[in-house]
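Take a look at this one; I'll ask things after.
The values are calculated or read from the model by the stated rules, or taken from the named source; none is laboratory data. All values reported here derive from a predicted model rather than from experimental measurement. When we count neighbours, we look across all protein chains shown, and the Cβ atoms used for this are built from the backbone with ideal geometry, even at glycine. For the accessible areas, the whole protein counts, side chains as well, though only heavy atoms, and no ligand, DNA or RNA atoms are used. Shrake-Rupley method; radii C 1.70, N 1.55, O 1.52, S 1.80 Å.
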Amino acid sequence: MLIRTQDLWKIYEMGREKVNALREVSLEIEKGEYAAIMGPSGSGKSTLMNLIGCLDTPTKGDYYLNDKLVSQMNDDELARIRNKEIGFVFQTFNLLARATAAHNVELPLVYNGTESEVRKRKAREALKMVDLEDRATHKPNELSGGERQRVALARALVNNPALILADEPTGNLDTKTGHEIMNIFKKLHRQGNTLIIVTHEHDIATYADRIIYIRDGAIEKEERKKN
Amino acid sequence: MNLLEGIFIALRSLATNKLRSILTLIGVIIGVMTVIAITSIIAGMNKYVADQLSAVGSDTFFIDKWGLIMSDDEWWEALKRKSITLEDMEAIGENCTYCDKVGASADTRRRVKRTGDHLEDVRISGVTANLIDIIDIKLEEGEGRYISKFEEEHNRAAAFVGWEIKDKLFPSVDPVGKEIKIGNQEFKIVGVAQKRGSFLGQSRDNFVHVPITAFFKHFGRRRYGRQLSVEIIVKAESFESINEAMDESRAILRARRRVPYDKKDDFGIMTAETLMDLYRQFTSTAYLTMIGISSIALVVGGIVIMNIMLVSVTQRTREIGIRKALGARKRDVLWQFLVESVTLALVGGIVGILLGLGTGKIVAMNSPLPASVDPLWIAIGLFLATSVGLAFGVYPAVKAARLDPIEALRYE
Ligand SMILES: Nc1ncnc2c1ncn2[C@@H]1O[C@H](COP(=O)(O)OP(=O)(O)OP(=O)(O)O)[C@@H](O)[C@H]1O
Ligand SMILES: [Mg+2]
């Protein structure tokens, strides 16, 4: 089992008021799975993704990634997991504006001390995976939205992570470009990557083998594609 | 790579806004420049003063009415003292066993004229002929001789002139044997001194030496209603006996001037060493001033850098979030911002060093001070700049490192 969460809680305290962003979320995802998370706005999808992506720690409950108890790790260990095991794709791309596409893709490698030569080669390979070799020296503002998201995808997979997470990766793209991105995800899945994406759109969710619905911070139901 | 990137980011942010960069770095620039300029000027002065004082010799001392005056009170007290006379000089010459040669001089300022041309405000010294044996007076080669004993004894109107007198009044003729008018009196030039250059903008070549007897005769024995006081210059038998020579001279003068045994000397005795002490006091004041100015400038510069870095951290909150999401640890972010602030400060330091060296050069060109820079001070300048960058960069860098990745990513 790649991911196992047990009764995860995330409670935000806003003065005297408490927001239960996640309530007793227990979830298992196997290696090689492709899962989509759906739910209304404010239901806790991003909160769950941030926990799975080790950007945040739960208020209560345990989270095992690759059988390691992540929910008890310190900042440096979490940074290491984010770097090695997880590739994140955001709705707003989150590229460094001043850096070229190639440099953006190299960034995760910078933080695990990969040599410059190796970094350049791996970045080139990752850009090739998303069909953007010819845009390597472009800055983000010289790229279209779809191209930016492809750079972000290349960055997410450059370190060959155990898990690729995407929080509304098509949210800022038109339908056509969104489907192009989803086709790349499909390709990555076929190559054996484990993917979890958050989306509002049913169209997009159907790319996945498994759809997890959440509401008010709790898992409501699940659907599996039969084949 | 990370290091290079940090340096690059800092340089690029400097280049994009040049005016702001200058304002940002001005404190560090001034701080480091002060250190380099003052130390190079002092190093130059050290060499110069050592040269000058070596002309005096460590076996020579001076006696005058004033001594080293350090305050107004001392000045008012010295003003009331009896003058020192040629008779005092003779008494020392006769009675001081450790003294080898005893001479005297007295000063005034006069206009010096040659048909048509003239120089204002030239320093005229009445001297004893043996002065050339006591202090180092260099003759211009082939340009005559110093004042003679005969001329001293017979009040002759002979003049030994500084290099500038020859240069300005006799540009194309040999001045030796020619007449010049000092005040209203004709003097015959007997010799010319070697060029000595200028010091702190003052020419040291516009002087005339005349026999002290002729000096009294033509320029008077009295000044402001008092007898003119002379300076006695003594060369001891040897360097080892200078203290005995000074003690003897002091005893002779105290007796002649009837100073009660429980009172201080009413005259001053100075050696090259006391002048050196005075100079050292001056340089230590200069060093203290330097430390004062440069530390204020560096602290102000540091605070400005800290502010710029805080602004930079805020503007780049999202970037910090992205880096953290991709696996940057706290210390990675900390380093990134420290490298940036140190780079900023170092650029200021380098500019400060260049300006300091320039200031030293300008001083060297306009004075005989051979402004020399000890590489040690350049290293210290760089070290100071680096320390300022580190010390004032820590707070913004820690702030950046502590940012929560999710909040940073959400920052607009
Ligand atoms: N830092 C925070 N402080 C307080 N409350 C928060 C914080 N982050 C999220 N929440 C709350 O937690 C709940 C879940 O938020 P979350 O961002 O996970 O929703 P979401 O399902 O991703 O919504 P959307 O589809 O709009 O992105 C919301 O009610 C939100 O207001
Ligand atoms: Mg969300």
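Of all residues in segment A:55-100, which are within 16 Å of A:A162 (Cα to Cα), more than 13 Å from chain B (Cβ to nearest Cβ) and outside any loop (DSSP other than H, G, I, E, B)?
Scanning segment A:55-100 gives A:Y63, A:Y64, A:L65, A:K68, A:L69, A:V70.
Sticking with this one: Name the single residue that is farthest from ligand 2 (Cβ to nearest atom) among those in segment A:26-54 being surrounded by 21 or more Cβ atoms within 10 Å (Cβ to Cβ) and part of a loop (DSSP other than H, G, I, E, B).
Only one residue tops the list, namely A:C54.
Restricting attention to segment B:342-350, does a residue exist that is more than 27 Å from A:V151 (Cβ to Cβ), surrounded by fewer than 20 Cβ atoms within 10 Å (Cβ to Cβ), away from chain A (no Cβ under 13 Å) and touching a Lys or Arg at 6+ places or on another chain (Cβ under 9 Å)?
No, segment B:342-350 has no match at all.
Another one. Mind listing whichever residues of segment B:309-335 are of a type in the set (A, V, I, L, M, F, W, C) and either open to solvent by 10 Å² or more (accessible area, probe 1.4 Å) or more than 11 Å from chain A (Cβ to nearest Cβ) (or both)?
Across segment B:309-335, the qualifying residues are B:M309, B:L310, B:V311, B:V313, B:L326, B:L334, B:W335.
Something else about it: Having 2 or more residues that are closer than 19 Å to B:A236 by Cα is the bar; report the helices (runs of 4 or more DSSP H) wholly within segment B:5-118 that clear it.
B:18-56, B:86-95
Could you check how many residues of segment B:154-182 are polar (S, T, N, Q) and over 23 Å from B:L131 (Cβ atoms)?
1
Next question, about the same structure. So A:K10 clears everything in (1) away from chain B (no Cβ under 14 Å); (2) within 16 Å of ligand 2 (Cβ to nearest atom); (3) in a strand (DSSP E or B) except one condition, right? Which one?
(1)
Related question: In segment A:153-172, which residues are away from ligand 2 (no atom under 16 Å from the Cβ) and either in contact with a Ser or Thr (Cβ under 9 Å, 6 or more places away or on another chain) or within 13 Å of another protein chain (Cβ to nearest Cβ) (or both)?
Selection gives A:A154, A:R155, A:A156, A:L157, A:V158, A:N159, A:P161, A:A162, A:L163, A:I164.
Taking the stated definitions as given, is A:R215 basic (K, R), surrounded by fewer than 20 Cβ atoms within 10 Å (Cβ to Cβ) and within 16 Å of ligand 2 (Cβ to nearest atom)?
Considered against the rule, which asks whether it is basic (K, R), surrounded by fewer than 20 Cβ atoms within 10 Å (Cβ to Cβ) and within 16 Å of ligand 2 (Cβ to nearest atom), A:R215 comes out as yes.
Quick check on my filter: what residues within segment B:256-274 are more than 35 Å from the chain's Cα centre (by Cα) and surrounded by fewer than 10 Cβ atoms within 10 Å (Cβ to Cβ)?
B:R258, B:P260, B:Y261, B:D262
Then there is this: With B:D277, B:D247 as the choices, which residue is away from chain A (no Cβ under 14 Å), part of a helix (DSSP H, G or I), at pLDDT below 90 and open to solvent by 30 Å² or more (accessible area, probe 1.4 Å)?
Exactly one residue qualifies, and that residue is B:D277.
Still on this model: Among the numbered criteria (1) within 16 Å of ligand 2 (Cβ to nearest atom); (2) open to solvent by 40 Å² or more (accessible area, probe 1.4 Å); (3) of a type outside the set (D, E), which one does A:I196 miss?
Only one criterion is unmet by A:I196, namely (2).
Out of segment A:129-145, which residues are farther than 13 Å from A:L95 by Cα, of a type outside the set (S, T, N, Q) and in contact with a helix residue (DSSP H, G or I) (Cβ under 8 Å, 6 or more places away or on another chain)?
Listed by number, the residues that qualify are A:M129, A:V130, A:D131, A:L132, A:E133, A:R135, A:A136.
Something else now. Can you work out which of the residues in segment A:107-129 that are assigned to a helix (DSSP H, G or I) and within 9 Å of chain B (Cβ to nearest Cβ) is surrounded by the fewest Cβ atoms within 10 Å (Cβ to Cβ)?
Filtering first and then ranking leaves A:S116.
Pairs please, first residue from segment A:154-168 and under 14 Å from A:R119 (Cα atoms), second anywhere and open to solvent by 10 Å² or more (accessible area, probe 1.4 Å) and away from ligand 2 (no atom under 16 Å from the Cβ), Cβ atoms under 7 Å, 6+ apart in sequence or on different chains.
A:A154/A:M129; A:L157/A:M129; A:V158/A:K122; A:N159/A:K84
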